[in-house]
Amino acid sequence: MIYTNFREIDKAGRLVISKDIRNHLNINAGDTLHIEADDEKIIICKAENKCVFCNSTHDLVAFKEKHICNDCLNALK
């Protein structure tokens, strides 16, 4: 199913993402979104957790609201 909405940007430059789209994509308050743009469109995606050192998305451990992969964690030891 494709979700589509028309939204107006407010004076502060904010855009509201509707509840049905947030629920469909499992986006919750506090989640980080990745935003990119080209000459014709804006793409907004739920950001993946990545290691703060090497950007790996595998075998992550959370530490003080950051993520570290096991390889970097072992290197720090």
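Structure data summary
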{"read-out": "Enumeration of residues in the range 12-55 that are out of contact with any His (no Cβ under 8 Å at 6 or more places or on another chain) and basic (K, R)", "value": "R14, K19, R22, K41"}
{"read-out": "Within the range 1-36, tally of residues that are modelled with pLDDT of 90 or more and among the hydroxyl-bearing types (S, T, Y)", "value": "1"}
{"read-out": "The range 37-58, residues that are of a type outside the set (D, E, K, R) and either at pLDDT below 90 or over 25 Å from M1 (Cα atoms) (or both)", "value": "C45, A47, N49, C51, V52, F53, C54, N55, S56, T57, H58"}
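The values are calculated or read from the model by the stated rules, or taken from the named source; none is laboratory data. This structure is a prediction, so every number in the text was calculated from the model and none was measured. Backbone-built Cβ (ideal geometry, glycine too); neighbour counts: all protein chains shown.
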